[in-house]
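Student: Input: one structure, supplied below.
The values are calculated or read from the model by the stated rules, or taken from the named source; none is laboratory data. If you're wondering where the values come from, they're calculated on a predicted model, not measured in any experiment. As a convention, Cβ positions derive from the backbone with ideal geometry for all residues, glycine included, and neighbour counts pool all protein chains shown. To get the accessible areas, we keep the full protein, side chains included, count just its heavy atoms, and leave off ligands, DNA and RNA. Shrake-Rupley method; radii C 1.70, N 1.55, O 1.52, S 1.80 Å.
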Amino acid sequence: MADTLEFNEIYQEVKGSMNDGRLRLSRQGVIFKNSKTGKVDNIQASELAEGVWRRVALGHGLKLLTKNGHVYKYDGFRESEFDKLSDFFKAHYRLELAEKDLCVKGWNWGTVRFGGQLLSFDIGEQPVFEIPLSNVSQCTTGKNEVTLEFHQNDDAEVSLMEVRFYVPPTQEDGVDPVEAFAQNVLSKADVIQATGDAICIFRELQCLTPRGRYDIRIYPTFLHLHGKTFDYKIPYTTVLRLFLLPHKDQRQMFFVISLDPPIKQGQTRYHFLILLFSKDEDISLTLNMNEEEVEKRFEGRLTKNMSGSLYEMVSRVMKALVNRKITVPGNFQGHSGAQCITCSYKASSGLLYPLERGFIYVHKPPVHIRFDEISFVNFARGTTTTRSFDFEIETKQGTQYTFSSIEREEYGKLFDFVNAKKLNIKNRGLKEGMKQSYDEYADSDEDQHDAYLERMKEEGKIREENANDSSDGSGEETDESFNPGEEDDDVAEEFDSNASASSSSGDGDSDRDEKKPAKKAKIVKERKPRKKQVESKKGKDPNAPKRPMSAYMLWLNANREKIKSDHPGISITDLSKKAGELWKAMSKEKKEASREWDRKAEDARRDYEKAMKEYSVGGKSESSKAERSKKKKKKQEKQTKGKAEKKGASSKSLSSTKSPAKSMSESFKSKEFVSSDESSSGESKKEDSEEEGGPSPAPSSEDSASGSD
């Protein structure tokens, strides 16, 4: 017999709603993963007390009862699967899977039995219906009557809101059957009653969703938000996840509480509660409990008197009460060094945080997407400009999320992150080795370590390492274009009238051709700064000595291939980070090895200084003379053209007779600028100008006099 059984499209009944997911039965127990929320229910084999197989509306169902009174219902099985399940229960759980059919007589009187979390209305030995007491929101009594009110189910079109039971009087003295019935219900019901004092109160906290300022009262079983207009009571059982996210400005913090079912205000549903804190706000907190109670209930996670940042106190209290880990951003760092990316979703701008197991966007509207529900992601070029791009995510259910207006510089970092998480990228296909490695039944919240705790412990250490990495690998990676290798083609498309104008060596005449289409004048202006940068790079003398490398860069060039071979498939970013770590460790442990590279760097610096002295004495002066003579010639040619256009046809004969004199003035230079090479080139240019016979202005008397000298 197989050690595991797996079933797809199984429905779990939770608070009146049917949640679809995947069910796995193994030797260790039963695991159900909700497809919608990613929440995992894990029932240990040792906890199982009873298993019941019965016919239900969706085919056949399995009801499991545990020793501590909890009941789990799973529907959607086929009738043919009973034998397989029955044998599995006998072999691995040593339980008989009992078959019990519901009573369908239609009688409305019978016996009520309370078992664990269930109220069962039976006729004889057969149950007619069962009510999970966790669905009950209120229980009221009357004369011989008990009324149960239920939580509203948002997923269903029609919800059962109330049931009344008639309890006949009995002859037993001192026991009221109505009160006994009500007490049995209330002991297990999900009734929120603000009895007693709050454990602690946080005053006037800024809340982004729902918007406003609220007092948060912390009770043992629920959270009470008290605002000027609305009040909300949030049971801790509805809290799915907790997130603590640093704002991009590094001065504020988001604390996000994910809820299922959501809190309601009219027709509006709030699936996330988002609080915004300033890092500078501090608080001293005293819990409304004695020290023994605090120690017994929280087991050292909280103390009676605490002080620190406001966001730390709120997150610490919530973590202890909800008993869930706090999710913080992982190792991702954007172009600016922040752990998030600025983008737009729908009509609003916000922040996208890549986490270790998903993405979360804050804040309007908040979105949380787990990696295990992502079908593929896509990097798309921005619709309005090439300076930004869109990041698209499509889930396995077919829902698409588009995060737009992401800065082009973030592309490399985000692509490396998606690649490292082995997500399927559209138009590239699922390559070999890119298959997602996480367990389909793993809880998306459960990490092997507490990331929040690690972050609080190593915050200073990480900040120091990031500073070292950024200084060491500053020149390693540049994301100048959204998709490298395609930018030149796109520029050429924008200037179809003269595609050569997009080349980096653009001629002076191309500016005139680009001005022809009036609509494209703006695009030309945007490209001007780039051309200036190219021209400034051209102005560098290629004969000038290159600057010497630092000791780290010399070591990196010598060891780059070794690092690549030791870590196959490492990205450029991770390579520079790893190199920085190795260099730092080597400089501490192996001082002799680092001194060797320091000596090499010192030798390179001396060679550079020596070469610069020779260059400044010889080559630099010659190159500077040549440059100045070229500039002077260009200036004179421009003046010649401008004056010739003004004079027109009437001055043609005059200019032709005076062109030899002009060529003499152009080639003339004072004694300190004259060299043998230039004099020969000046004579050749003089001959060319005589052959062309172009219009030129008459030389001044001073020029002619100096020329005769």
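Student: Return the residues of region 237-249 that are in contact with a Lys or Arg (Cβ under 7 Å, 6 or more places away or on another chain) and open to solvent by less than 10 Å² (accessible area, probe 1.4 Å); say none if nothing qualifies.
Tutor: Within region 237-249, 239, 242 qualify.
Student: Restricting the search to region 269-288, which residues are in contact with a Cys (Cβ under 9 Å, 6 or more places away or on another chain) and more than 14 Å from residue 318 (Cβ to Cβ)?
Tutor: Correct list: 276, 286, 288.
Student: While we're looking at this one, here's another question. Suppose we filter 314, 294, 367 for residues that are farther than 24 Å from residue 40 by Cα and modelled with pLDDT of 90 or more; which single one remains?
Tutor: Just one listed residue meets the conditions, 314.
Student: Would you call residue 234 crowded, with 18+ Cβ neighbours inside 10 Å and either over 22 Å from residue 136 (Cα atoms) or hydroxyl-bearing (Ser, Thr, Tyr) (or both)?
Tutor: Answer is no for this residue.
Student: I'd like the residue in region 533-572 that is among the hydroxyl-bearing types (Ser, Thr, Tyr) and either at pLDDT 85 or above or touching a Phe, Trp or Tyr at 6+ places or on another chain (Cβ under 7 Å) (or both) and, out of all such residues, is farthest from residue 592 (Cα to Cα).
Tutor: Across region 533-572, the extreme among qualifying residues is 550.
Student: Six or more apart or on different chains, Cβ under 7 Å: which pairs go from a residue in region 411-430 that's β-branched (Val, Ile, Thr) to one that's surrounded by 14 or more Cβ atoms within 10 Å (Cβ to Cβ) and at pLDDT below 90? Could you list them?
Tutor: Listed by first residue and then by second, the contacts come to 418/425.
Student: Residues in region 213-223: is at least one touching a residue at least 40 places away in the same chain (Cβ under 8 Å), within 18 Å of residue 269 (Cα to Cα) and either open to solvent by 20 Å² or more (accessible area, probe 1.4 Å) or in the same structural domain as residue 133 (by the TED database) (or both)?
Tutor: no
Student: Taking residue 54 as meeting all but one of (1) of a type in the set (D, E, K, R); (2) within 44 Å of the chain's Cα centre (by Cα); (3) under 23 Å from residue 133 (Cα atoms), write down the number of the exception.
Tutor: Only one criterion in (1) of a type in the set (D, E, K, R); (2) within 44 Å of the chain's Cα centre (by Cα); (3) under 23 Å from residue 133 (Cα atoms) is unmet by residue 54, namely (2).
Student: Here's another thing I want to ask about it. Inspect all residues belonging to region 112-120 and state whether any of them is in a loop (DSSP other than H, G, I, E, B) and either over 29 Å from residue 45 (Cβ atoms) or out of contact with any strand residue (DSSP E or B) (no Cβ under 8 Å at 6 or more places or on another chain) (or both).
Tutor: For region 112-120, residues in a loop (DSSP other than H, G, I, E, B) and either over 29 Å from residue 45 (Cβ atoms) or out of contact with any strand residue (DSSP E or B) (no Cβ under 8 Å at 6 or more places or on another chain) (or both): absent.
Student: Among the residues in region 71-89, are any under 22 Å from residue 148 (Cβ atoms), outside the structural domain of residue 260 (by the TED database) and not basic (Lys, Arg)?
Tutor: Yes, region 71-89 contains at least one residue that is under 22 Å from residue 148 (Cβ atoms), outside the structural domain of residue 260 (by the TED database) and not basic (Lys, Arg).
Student: Here's a follow-up. Please pick out the residue among 175, 163 that is modelled with pLDDT under 85 and either surrounded by 12 or more Cβ atoms within 10 Å (Cβ to Cβ) or assigned to a loop (DSSP other than H, G, I, E, B) (or both).
Tutor: So the residue among 175, 163 that is modelled with pLDDT under 85 and either surrounded by 12 or more Cβ atoms within 10 Å (Cβ to Cβ) or assigned to a loop (DSSP other than H, G, I, E, B) (or both) is 175.
Student: Among 294, 317, which is closer than 21 Å to residue 213 by Cβ, surrounded by 18 or more Cβ atoms within 10 Å (Cβ to Cβ) and not assigned by the TED database to the domain that holds residue 152?
Tutor: 317
Student: Can I ask one more? Being more than 44 Å from the chain's Cα centre (by Cα), touching a residue at least 40 places away in the same chain (Cβ under 8 Å) and either open to solvent by 40 Å² or more (accessible area, probe 1.4 Å) or over 19 Å from residue 62 (Cα atoms) (or both) is the filter here, so list the residues in region 116-139 that pass it.
Tutor: Answer for region 116-139, where residues must be more than 44 Å from the chain's Cα centre (by Cα), touching a residue at least 40 places away in the same chain (Cβ under 8 Å) and either open to solvent by 40 Å² or more (accessible area, probe 1.4 Å) or over 19 Å from residue 62 (Cα atoms) (or both): just 139.
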